[in-house]
Structures are given as structure tokens and as C-alpha cells.
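Notes follow once the structure below has been shown.
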Amino acid sequence: MDKKCKELKAKEVWQVWHQHIKENDEARMKEDSKKNTQIRSLLTDVGSESSIHGISRIVSDRPIYLRLLWLIAFLVALSFGLYQVSTIIHLFLKYSVKTNVEVRYSPIAFPAITICNMNIIKKSESDNLGNQNLQRILNGSYSYSTTLPTLIQTSTTTTPPDTQHPTSTTTRSSILNLPNIIPNVIPATVVTPDLNLNLSALSDGNTWSDFYGSSDQLYPEPGEFQEDYIAYQTFIEEYQKLERNIKVHAGHKIENMLLECTYAGQSCERPSKNIVTPDYGNCYTLQSRRYISGTSGPLGGMTLTINLENHEAIEKMTEGFGLRLALHEVGSFPLPLEKGMTISGGFETSVALKLKTIQRKGPPYGDCEDPVEYFKKHLVRYTTQGCIQTCWETHVTAHCGCIAGYLTSEIHFFTDHKLNVTEIPNSTVTGCYTTEEKDCFAKLRRDFLTSVSTYCTCPPPCFENVYTTSFSGAIWPHETKLAELKNTSCARYENSTACRLDMLTSSTLRTNFLKLHIYFEELNYEQIVEEPMYDITQVISDIGGSLGLCIGVSLLCVFEAVEAIVGVLLALKRKIQGQTRVKAQFN
């Protein structure tokens, strides 16, 4: 009896518990359905009131096929709009620039002027150089056939398979400072900026011949160079061996050359910068930040009267008389060979300048060097050509243990010895004179010319002044002025009573002097400024235009989307909290 009562009681408890679970499940399902209905109702309300085209028709009570058509149309328009947005963002991330050209009028800072006498060594100093080879070159007794520093030919001996006798092969390279070297091995892909030509397409010998002419001229034998060229290169090599103080003393002095210098009618400052180049010897720079051109024409510029000292010219090394002139930005290192012009004696020459300023965008729009920061570090204004030359000399010194140029060492003197000690050139490093050094130089030069960007990072300056020139001239001076110039010049020499200018003929004496006017043709200058092709304002405008065209989206639609997202999140939160309460009651 007790057993049956217990079974009946357990059965009743089970039925009550089961009923309780069933009621809880039904309540929870009703609650979930109610909350899902709330989310759906919320989205329907937001969609029906949305200003985005097509959304209100998709959630409306229209027939299902109409809502489906509107959904397809909306998705197509949305896809096209997103494609347009991705294209705009892609263009923005390319950081393209556009060029804005503007003509302005204002006073212009005058450029730096560097002058060099094209006669490197004075005849009166040719016997005081301490270099026998150089002295023999200057007096014409040097034999180029026996000790000529020609194209370096390094003969190697190889023995082909199945032969007993070695075969001699010759490797051609370059003589010192040869400006253009055609590579022995054609690189895989090299694009020459001037020709826009892929040299890999010229790997075939016939193609090279068609493009350059006779293929025999690609690698000329040493004897095929002109005698004057060989003599000049030999002279440069021996000249480079001289100590700097000897070069300075042997070259033309500015106090003898520069008879008169005026700027805007007033005496100009004497040159304070002196560099020694292997091509022109002593070069002098006239520059001052006080020189501001307020008027155009010769009266607002600089006038130089030059004594070329033709009586000091060495006829064995000089075919004419003249001045090398380089115009460059104030504070920049002059490169008279690469960026200079020749002024003839016996003329009054006018050099009219026009200024063009270029402002480039830095990262991320492009790569350029800040000239201000560069000047703070190197005490010289940045130029791309100077950077490449310095990079080249640094690589030669590191790889070949010799000096292949003059800029790295002369920049120390150009900055008035203000560089740090670590930047002063190592005086123990000599020029590239031995066969091994020349071979190293030639191989490195060949690779360097075919891919400069591989060796150097030399972007253009972020701000640059570019000067364009035009020339005009007249025969100068007349007889009265010529006599006056001769007397002025002779008074500057120590032994003025035995002035060697008296030894010159009348025609040679006339070409001994030149007058140079340098001025701005007009104070209008062209300003070229790089600007972003797409700034953030333009990007937002284009994105808004594309989405507005496709689906009618405006900026306020963002708040509609935010409202819908917040409502859905709150409904989900209540749903999760309701499930948690049910579980708690069940437990």
C-alpha cells in the first residue's frame, strides 16, 4: 500500500514538473516571437521612413513581385555606387598630383655666379708643379704612345676545352673620367630617359648596329681616340695628382682676372668661395643674399669685366681663350662642367635670365628632398646633380679605394671648413691611377650608369629655382677702352713695368678681355606648384555624388543607419536578458 502511494505521488510530481517546463517553453517562444516581431517592426518602420531610394518600396505592403523587383534594382544600383566609391578611393590612395602654373611679379633674388678661366695652369707656373710627367705634357715632350693611360685593357689567358694552347681575350673598360661608357654586358631591362628605349630589345648585335651605326664603333680601340682627347685625359690624370695648394697657386687668381664687378651700379662683393676643378682649375663664386633684383635689364643686374690673361695660356693644351660661367642657386655647389656655359673673349656679352620656380609635394604624393633640412646638415644647398656626383664618388672610394672626382673633397673648402670632422675627406685616399683601380672604376662606372637609382637615392628638391638664359653680344672693346683695360690689368701685377700683356698682338689683346652683363629680362617669373589631384574634400564630394546618383544617399542617411543599428542592438539586448531570466527561473 505504501509502495503504491509512493509511486502515485512520484507520478504526480513528474506531471507537475513536466507541465511547468511546457508552460515555460510556451512563454519563452511567445516572448521570442514578440521580440522578433519588435525587431522586424523596427526595421520596417526605419525602412519606410528612409530617404534612400528604393528602401521604402522594398519594406512596403506592395505585392511580393514588386518588392522583389525593387530589391534587385536597389542591389544593382548599390553595387554600381560601391564600385564608383572604390575607384575614387583607389585614385586618392595613388596620391597623384596636378601642376598649377602661375605667373607672378615681384623682386627676385639674384643667383650665384661662378667663373672659371678655361686655361687651367698659367704658363709662368708650369715649371713649378713638381710633376715631371705633367711638365713634359705642357712643354710638348710627353710621349703618349708608350705611357698613355688609354682604355684599360686587361688581358686574361684562358684555355678552351680540348686545346693545349691558351687563347688571349681582352676586356675593355674606360679611361679616367670618360663621360659616357657603353656597357660591355647589356642589362636585362634598362630604360634610358632620353630615348625611352628598353635596351633589352637591343641585345642583338645587328640591332645595336642599326641603332648606333657601325657596331665596330661601340667598343673603339685605344688608338681610335683623337690625339687631342688622349692628350687631354692624360693631362687631367696627371693634374689630379697635384696637391691642392699647388693647383691653387698654379691657376689664375681672381684679383688679376676680375678687373671690375658691379651690381645695380654699386661695387659688388669680392668672391669668397674658391674651388678647384679638374677641368678648369680655380673657380670663383660670387654670391650674396643682399643681391635682390628690383628692376629688369642690365642696370639692375651684375656687370663683370674680366682679364683672361691670354699671355698665360699654354698653347699645347689650349686652342682658344674664354671664360666658363655657371649660374646656380645661392648656397649650392657649382658644377661648371655639367651646368656651365662658355663666354668668348673680345665681346660684350649680355646674359638675360628668366626664373622658373618649382614646388614639389613631398610624401606621400612624391619623393623630394627638403633643401632646408639638407642645408642644415651639409651646409650646402641640395641639387640632384650634386647628389648623384657625391654618391658616385662615395661608391668609388668604398669599392675601389680611390677618388674619382672632386666634389666630395672640394665641398669642404666651399663650406669654409665648417663641416664636421667626420665629413672631411680622408687625405690618405688617392686618385684612381693603378691598373687595378682603373679596372674597378670602369666596371663600377658601367654598372652605375645603367642603373643610377640602384646605387643612389637622389630625388629632386622640394623647392627649386631654374634659370633659363638667352645671349646677345657686341664686339668689345674699342681701341681707347682696350688701352685703358691693359693699363688697369698691368697695374695689378707685381712687376707692372714689364707687363706681359705688352707681348700680345693687337688681335690677341682684344680677345684677352670680355665684359659680361647678367640680369633678369623681366621680373615676371613662372611658378610651378604641385597640388594633390584628390584631397579629402574632393574625395568626400565625389563619393557623395556617386552614391547620391545611384541610390540617393546623403550625409543624413548615416544617422538613419545609426538609428537602425542602435534599435536592433537594444532589441537583441532585451532578448538576451529575457532568455537569461527564463533560465534563472528554470534552474
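The values are calculated or read from the model by the stated rules, or taken from the named source; none is laboratory data. Remember, it's a predicted structure, so these values are computed and weren't measured experimentally. Methodologically, a virtual Cβ is constructed for each residue, glycine included, from the backbone with ideal geometry; neighbour enumeration extends over all protein chains shown. Remember, those area values only see protein heavy atoms, side chains included, never the ligands or the DNA or RNA. Shrake-Rupley method; radii C 1.70, N 1.55, O 1.52, S 1.80 Å.
Points to keep in mind about this one:
- Identity of the residue in the range 285-302, part of a strand (DSSP E or B) and open to solvent by less than 20 Å² (accessible area, probe 1.4 Å), that ends up farthest from PHE347 (Cα to Cα): SER293
- Filter result for the condition that a residue is in a loop (DSSP other than H, G, I, E, B), in contact with a Ser or Thr (Cβ under 9 Å, 6 or more places away or on another chain) and modelled with pLDDT of 90 or more, over ASP367, ASP416: ASP367
- Filter result for ILE518 (surrounded by 12 or more Cβ atoms within 10 Å (Cβ to Cβ), modelled with pLDDT of 95 or more and aliphatic (A, V, I, L, M)): yes
- Count of the range 303-346 residues which are over 30 Å from ASP416 (Cα atoms) and not in a strand (DSSP E or B): 12
- Of all residues in the range 332-344, those satisfying the criterion of being more than 16 Å from the chain's Cα centre (by Cα) and open to solvent by less than 10 Å² (accessible area, probe 1.4 Å) are PRO334, PRO336, ILE343.
- Scope the range 246-266; condition open to solvent by 20 Å² or more (accessible area, probe 1.4 Å) and touching a Cys at 6+ places or on another chain (Cβ under 7 Å); matching residues: THR262
- Some residue of the range 480-487 being surrounded by 16 or more Cβ atoms within 10 Å (Cβ to Cβ), farther than 30 Å from ARG244 by Cβ and basic (Lys, Arg): yes
- Consider the range 447-461 and keep the residues that are in contact with a helix residue (DSSP H, G or I) (Cβ under 7 Å, 6 or more places away or on another chain) and more than 26 Å from MET341 (Cα to Cα). The one that is surrounded by the fewest Cβ atoms within 10 Å (Cβ to Cβ) is TYR455.
- Enumeration of residues in the range 345-391 that are closer than 19 Å to ILE518 by Cα, surrounded by 20 or more Cβ atoms within 10 Å (Cβ to Cβ) and among the small types (Gly, Ala, Ser): GLY345, GLY346, SER350
- Residue identified as at pLDDT 85 or above, surrounded by 13 or more Cβ atoms within 10 Å (Cβ to Cβ) and outside any helix (DSSP H, G or I) among ASN128, ASN133, ASN119, ASN100: ASN119
- Residue list for the range 50-72, filter: surrounded by 12 or more Cβ atoms within 10 Å (Cβ to Cβ) and hydroxyl-bearing (Ser, Thr, Tyr): SER50, SER51, SER56, SER60
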